[in-house]
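These notes are about the structure you will find just below.
The values are calculated or read from the model by the stated rules, or taken from the named source; none is laboratory data. Predicted model, so just to flag it, every value in this text is computed and none were measured. Reconstructed Cβ throughout: ideal geometry from the backbone, glycine too, with neighbour counts over all protein chains shown.
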Amino acid sequence: MASNSFLKRIDLARLIIAEFFVFLCITAVALRLNLAELITSSLSRIGMWSVLVLAMLPAIVSGIGPNFGVSLGIICGLLGGLTALELAYRLDEIVQFSPGILFLMAILFSLPFALLVGVGYGWLLNRVKGSEMMIATYVGFSIVSIMKLAWVFLPFTNPEMAWPIGRGVRVQVALGNRGLAQLLNNFLAIRIGEVVIPTGLLLSGALCALLVWFFMRSQTGMAMAAAGSNPRFAQAAGISVDRQRIIGTVLSTVLGAVGILIYSQSYGFLQLYEGPMFMPFVAVAAILIGGASVSKANITHVVVGTILFLGIQVVAVPVANAFTADWSSMGEISRKIIQNGVILYALTQAGGE
Amino acid sequence: MGAAPILRMRGISKSFHGTQVLHDVNLEIMPGEIHGIVGENGAGKSTLMNILFGMDVIHSTGGYEGSLEIAGKPVDIKSPLQAMEHGIGMVHQEFMLLPSYSVAENIKLNREVLKPNLVSRLFGSGLQSLDYERMYRDARRALGRLNVGIDEFAPIAGLPVGYMQFTEIARELDKENLRILVFDEPTAVLGESEAAHLLKAIQEIAAEGIAVLFITHRLSEIMEVCHNITVLRDGRVVATRKKNETNVLELAELMVGRSMQFNTNSKRQVQRGKPILEVKDFKVDMPGEQVRSVDLTVYQGEILGIGGLAGQGKIGIANGIMGLFPASGEVKINGEPLELNSSQAAIAAGLAFVSEDRRGVGLLLDASIELNIASGAMFGHGKFLKTWGPFSQTDRRAIRENALKYIKQLGVRCTGPTQKVRQLSGGNQQKVCIARALTMNPKILLVSEPTRGIDVGAKQVVLDLLRELNEELGMTIVVTSSELAELRSICSRIAIITDGQVAGILRPDDSDVNFGLLMAGQPIEKGA
Amino acid sequence: MQSKTTVLRESFVPRSIESIKQFLVSNMVTIMFVILSVLGYKVSGMTPFLFFMDITARISRNAFLVLALIIPVMAGMGLNFSIVLGAMAAQAVVIFVTHWGIGGLPGIVLAVALVTPLAALLGFLTGTLFNRTKGQEMIAGLILGYFAQGVYELIFLQLVGSLIPMSNPRLIMGSGVGVRTTIDLTGGLKYGLDWPGQYWGNDLLLRPTLPWTALGLSVLLALVLLAYQLRAEKRKRWSIPRMVASMVGIVVIAAWSIVQIRSNSQINWIRVPLLTWLVIGAACVGLHFFSKTKLGQDMRSVGQNRHVAAVAGIDVNRVRIKAIILSMVMAAWGHIIFLQNLGTFSTYGSHEQVGLYSAAALLIGGATVAKASIKHAVLGTILFHTLFIVAPAAGRQLFGDAQIGEYFRVFVAYGVIGITLAMHAWKHVLQSRSDAKPSGTEH
């Protein structure tokens, strides 16, 4: 009986993925790969993505489903980051911002964008109930592609961002010059042997998760969950379902914005143009792998999913390479198969109309 | 006649998820006979027809017991397609039409006239061409049999509902082997003259030798066209009558008659306080339960029952007051006008609602019992929260204490306050719903279908609970129920809703006949 | 007779104004793109020769793929983004046919013969998946495309050469494992259909010039229209203004062709791949025929309302699977046409945008998620690819940067799909709100 209900909770797809991860880890150990390096890069990869995966939570809980359009939030974050860098450049003569302040400024500047975009995006999603996932995907694609035009025309003057010749912002804007690269990763970083624990990065992910957790226990959070899991119940309880969905969308967008800044500081660059295009799919797949469905999710799913999915991505490449050098693309291929396989599986489980 | 019956249903029983909805139903129909089937909501009419039509809901829930015979041959109908092959046609309650097709294409839906072509000879009959000429001709002929001048080329979208209904009938008539035709509430969507035309058409169809099963709650229509009438109640055949051996009064009584013995609540009609809830010219646009114009007054401290047949609008009243469906008119609580179309306003005014759709509207199935109980007060009145300025956190301890109190008080059977509501039985779920409403500390409690889908023992408990709340706490309660017997056992007055209006208000000890007549839309003539 | 004509004459004037208005509103997207294309062409400063050469090639290359999307729309499954799988199947087959060194028209025929069962199998699997994700077919199709991309890469990047033995220095990477990232079909399948004579050493076989083709097409079109007008039932005939407008259009094209033929303009150097156009034409005729068959009617029935179709005895799931199989097979054929025209293709990228660009073209032609016809496909292909051709040049002219035009056309593709999807979903929500079962009489 107990094992039966356990099996029901951890369904087959997740079991396979978890086993695959365990298999990879055992193989990595057996092959005497550099474990310290693997653990270090796993930790930083997990920390990088944690908030982006977390951004899926309010979206699913509020009933709009996995936020395939979190690229909107990502773009808001990038805009915030660029604005902060631009401001720092313009004020260089007057004041030098410390990296920490600059990072907070980036977050601060991205918030108004994220709030505004989130409200508009939520309004749109309220009008297309039942097709949110497809619409969100294409809204994301459209915005990313129109932003490619915008990156060319936006009046940024900071030479660290602009192409030396031609116009527009670079494809990748380096954060190292102003000490932003690895800022959180290095904050309170702990070194155990060769393993580096990016304490600041993990802490900021945990802080965001904690805030979301508190939010979910507030009146608004409870109302949002009610609206998401049973809109008719919520309506009868005097909750405005549409409003809760907008709140969920805004929250998801804001987390997307914060998430990309945390991601970018670890990566060392702001990735513009194509950069945000396919990031939502990774985040969606991660939370689904963690055990969420398109209509149900909690913090545990975020944590488990981020560790499993991003852990696999880090470990798979060296393991595959250890077998044969020709299998260099194996990491990317397995990511594609797992990521999209899991999303497909979740779609079939949703049971359609 | 004296011929063999065209359709014979023997010992039909069916249960859904453990609830028996049909018990040993027998039915026989002769060719050319119009056979009426009447019964209250939930009497089993639609389940019986679903069995006859081989609908998927029957087979995906374990099939049925008993046997079907068509023209003396036993048959087992597994799909609508097979039903069609046996010559059974059905005019459904909702339209089964495709809006962008023409009338003719709808009439010939999946029975298109085909002609082979070169490709179909090579690649199979699926690629045969449609023979539009002959489809139009067939459609014209079928429509001609109904004496209606509908343009067979016209697309369905934009036609008046009456035409849609006739298109559906024409589709059935066009089936060459049609032997049995089922009409499920065919006049519900029609205006008076269209309804009259339809009844005439039904008689003509029967005159051609087709057996007609006519399902309706309009007893006058039954008396007008049927040869024989079967009355269903609680999934059983309570009577089969010839038309000239019965009358509307008897049918009404048979239909409503008490299925369970409850103590009639006759002594409680005296205490009448001041009006607490006044409803004037109230209209609610609830699909399938349209409220057209209701005037009703509820007095402090009473239990008012709202009864009537399904689809007449009784369910719409409470839903409209609670702001769940678009409503207009005037509602006053303690003399204060209530803002309509706002659940928030209704809750703030001290109303609490136990919905008829327990699993859909009443509960968060995947949330804990304690959370469900607290949710109404939390969302409606901001209770169970610790707040710091704009920030709030749920007060877990208060929620737990409140839940434990009600679990004990109402006797909810569960493993504990954190059990998921989905795992509870229907009766216990209903108790959670009531606990949720009580936690909101309402001035008026609106309860819809309190005993729907729960077993007999639990029914009594829920009803006793409502009575106790009323007697001991003086709570004003408005109960809406399809089960008249229940209403009569706990209410002090019972309003019967017919056609979206109050047909009359009766005492619980009024006669069955009076209840039956009001429900069937007939005026009460004498004192009876 | 008398009365009918008077009725016609009376209603002619007001109705035509009303219908023009309605025409403009319901074809807003298409009209907007016509204007955009014309403006783009003006701004780009392209010569007519370059433009017509490019558009001729692009129509031949893409039209068939766009046609592949029509059947699933008919069956109510929306835009079938899973046609990417059909394209992958086509590429897989093309790789093998190239490996065996069979080129020209025989190679094309072989590729078609091989890809058909493969695409049908993929279609069956995809259809089965779609039946388990009803209402979410489009997102499922999109994700399925990404998923299949992973599997495809696994096979051709990792397994070919290692588990699947294959050695061909033209196709396999230097390491011996994996298919090269670009494959050159020159001397093989390249122009196998477009230029069938090449295989037999006759360069000009089945390759008439563009003006002659246009002239031929307009005459054919005029004849077909007239024949229809004479033979069709009265109520199905085209209205007089519609007929006149179409005839004027046809005459303009014919006149243009004659002018070109009589001049010594460069346009006369442009040659049309007649066989390819015939195949596309046959697909159009086939689709038209198909829509009037029993299976076509079933698909439209299922597309309008699955429940009603099921009650009428149609096996909804089967019909939906058949729709996807047909679409997938057509996509595979279409992609073979695409590849032979392109001549070289990127092994791991050429199929990726097939779904996106085909869907965008169809929508720009005036189709919606619920309604698509051959007309939409043909018109959309022309408009979308016009934009594709002129956008970079226009970008360079306007902003000194061709990249901007490229960004713009990609945005247009995504944007038009996004907006159409949103509008369709919105309409659907409003509709289900308003016609939630007819209930009760309104006295």
Checklist outcome for this item: The number of residues in segment A:25-58 that are in a loop (DSSP other than H, G, I, E, B) and modelled with pLDDT under 90 is 4
Checklist entry - When A:VAL61 is evaluated against the numbered criteria (1) at pLDDT 90 or above; (2) farther than 17 Å from A:SER266 by Cα; (3) out of contact with any Lys or Arg (no Cβ under 9 Å at 6 or more places or on another chain); (4) not basic (Lys, Arg), which criterion, by number, is the only one it fails? => result (3)
Checklist outcome for this item: Note on segment B:55-78: residues assigned to a strand (DSSP E or B) and more than 27 Å from the chain's Cα centre (by Cα) are B:GLU69, B:ILE70, B:LYS73, B:PRO74, B:VAL75
Checklist entry - What residue, of A:ALA325, A:ALA292, A:ALA320, is modelled with pLDDT of 85 or more and hydrophobic (A, V, I, L, M, F, W, C)? => result A:ALA292
Next on the checklist: I'm trying to understand the selection: among the residues of segment B:315-339, which are under 25 Å from the mean Cα position of the chain (by Cα) and more than 13 Å from every other protein chain (Cβ to nearest Cβ)?
Outcome noted: B:ILE317, B:ALA327, B:SER328, B:GLY329
Checklist entry - Quick one: in segment C:367-384, which of the residues that are assigned to a helix (DSSP H, G or I) and surrounded by fewer than 23 Cβ atoms within 10 Å (Cβ to Cβ) is nearest to the chain's Cα centre (by Cα)? => result C:VAL378
Checklist entry - Among helices (runs of 4 or more DSSP H) lying entirely in segment B:116-203, which contain 1 or more residues that are in contact with a Pro (Cβ under 9 Å, 6 or more places away or on another chain) and within 11 Å of another protein chain (Cβ to nearest Cβ)? => result B:161-174
Checklist entry - Do any helices (runs of 4 or more DSSP H) entirely within segment B:344-463 hold 1 or more residues that are within 22 Å of the chain's Cα centre (by Cα) and within 30 Å of B:MET286 (Cα to Cα), and if so, which? => result B:426-439
Next on the checklist: Condition first: closer than 30 Å to B:GLN93 by Cβ, of a type outside the set (Gly, Ala, Ser) and modelled with pLDDT of 85 or more. Can you find one or more residues in segment C:370-389 that meet it?
Outcome noted: yes
Next on the checklist: Against the definition (outside the structural domain of C:PRO169 (by TED's automatic domain parsing), surrounded by 20 or more Cβ atoms within 10 Å (Cβ to Cβ) and β-branched (Val, Ile, Thr)), how does C:ILE258 come out, yes or no?
Outcome noted: no
Checklist entry - Given the conditions (1) away from every other protein chain (no Cβ under 11 Å); (2) of a type in the set (A, V, I, L, M, F, W, C); (3) buried (at least 22 other Cβ atoms within 10 Å of the Cβ), which single one is not true for A:PHE269? => result (3)
Next on the checklist: I'm checking my understanding of the structure. Among residues of segment C:168-201 that are within 14 Å of another protein chain (Cβ to nearest Cβ) and of a type in the set (Val, Ile, Thr), which one is surrounded by the most Cβ atoms within 10 Å (Cβ to Cβ)?
Outcome noted: C:VAL179
Next on the checklist: Every residue in segment C:282-300 that is in contact with a helix residue (DSSP H, G or I) (Cβ under 7 Å, 6 or more places away or on another chain), more than 10 Å from chain B (Cβ to nearest Cβ) and either among the small types (Gly, Ala, Ser) or within 16 Å of B:LEU98 (Cβ to Cβ) (or both), please.
Outcome noted: C:ALA283, C:MET299
Checklist outcome for this item: Filtering segment A:97-110 for residues that are assigned to a helix (DSSP H, G or I) and either on the phi > 0 side of the Ramachandran plot or surrounded by fewer than 16 Cβ atoms within 10 Å (Cβ to Cβ) (or both) leaves a count of 4
Item to check | Qualifying residues in segment B:90-114 (those that are at pLDDT 90 or above and not in a loop (DSSP other than H, G, I, E, B)) - the one nearest to B:ASP131 (Cα to Cα) | outcome: B:LEU114
Checklist entry - Within segment C:262-293, restricting attention to residues that are farther than 20 Å from B:ILE156 by Cα and charged (D, E, K, R), which residue is surrounded by the fewest Cβ atoms within 10 Å (Cβ to Cβ)? => result C:ARG262
Next on the checklist: Show the residue pairs meeting these rules: Cβ distance below 8 Å; 6+ apart or different chains; first residue within segment B:365-389 and at the interface with chain A (Cβ under 7 Å from one of its Cβ atoms); second residue basic (Lys, Arg) and in a helix (DSSP H, G or I).
Outcome noted: B:ASP366/B:ARG422; B:SER375/B:ARG436; B:GLY376/B:ARG436
Next on the checklist: For segment C:407-423: of the residues being more than 7 Å from every other protein chain (Cβ to nearest Cβ) and surrounded by fewer than 20 Cβ atoms within 10 Å (Cβ to Cβ), which is modelled with the lowest pLDDT?
Outcome noted: C:MET423
Checklist entry - Of C:LEU342, C:LEU387, which residue is under 21 Å from the mean Cα position of the chain (by Cα) and not assigned by TED's automatic domain parsing to the domain that holds C:TYR152? => result C:LEU387
Item to check | Set A:LEU251, A:LEU255, A:LEU261: member being at negative phi, in contact with a strand residue (DSSP E or B) (Cβ under 9 Å, 6 or more places away or on another chain), away from every other protein chain (no Cβ under 14 Å) and not hydroxyl-bearing (Ser, Thr, Tyr) | outcome: A:LEU261
Item to check | Complete set of residues in segment B:55-85 that are within 14 Å of chain C (Cβ to nearest Cβ) and either touching a residue at least 40 places away in the same chain (Cβ under 8 Å) or within 24 Å of B:ALA188 (Cα to Cα) (or both) | outcome: B:MET55, B:VAL57, B:ILE58, B:PRO80, B:MET84, B:GLU85
Next on the checklist: Just to be sure I understand the filter: pairs with C-beta atoms under 7 Å, separated by 6 or more residues or on different chains, first member in segment C:109-125 and without any contact (Cβ under 8 Å) to a residue 40 or more places away in the chain, second member β-branched (Val, Ile, Thr) and assigned to a helix (DSSP H, G or I). Which pairs pass?
Outcome noted: C:LEU110/C:VAL97; C:LEU114/C:VAL93
Item to check | Some residue of segment C:313-333 being touching a helix residue (DSSP H, G or I) at 6+ places or on another chain (Cβ under 8 Å), aromatic (Phe, Trp, Tyr) and either part of a loop (DSSP other than H, G, I, E, B) or crowded, with 22+ Cβ neighbours inside 10 Å (or both) | outcome: yes
Checklist entry - Taking segment A:126-142 as the search range and keeping residues that are more than 22 Å from the chain's Cα centre (by Cα) and part of a helix (DSSP H, G or I), which one is nearest to the other protein chains (Cβ to nearest Cβ)? => result A:ARG127
Checklist entry - Would segment B:16-24 turn up any residue that is more than 24 Å from the chain's Cα centre (by Cα) and either surrounded by fewer than 20 Cβ atoms within 10 Å (Cβ to Cβ) or assigned to a loop (DSSP other than H, G, I, E, B) (or both)? => result no
Checklist entry - Any residue at all in segment A:232-244 that is farther than 22 Å from A:LEU54 by Cβ, among the β-branched types (Val, Ile, Thr), in contact (Cβ under 8 Å) with a residue 12 or more places away in the chain and facing chain B (nearest Cβ under 8 Å)? => result yes
Checklist entry - Only one of B:LEU52, B:LEU81 is at pLDDT below 85 and either among the aliphatic types (A, V, I, L, M) or over 17 Å from the mean Cα position of the chain (by Cα) (or both); which? => result B:LEU81
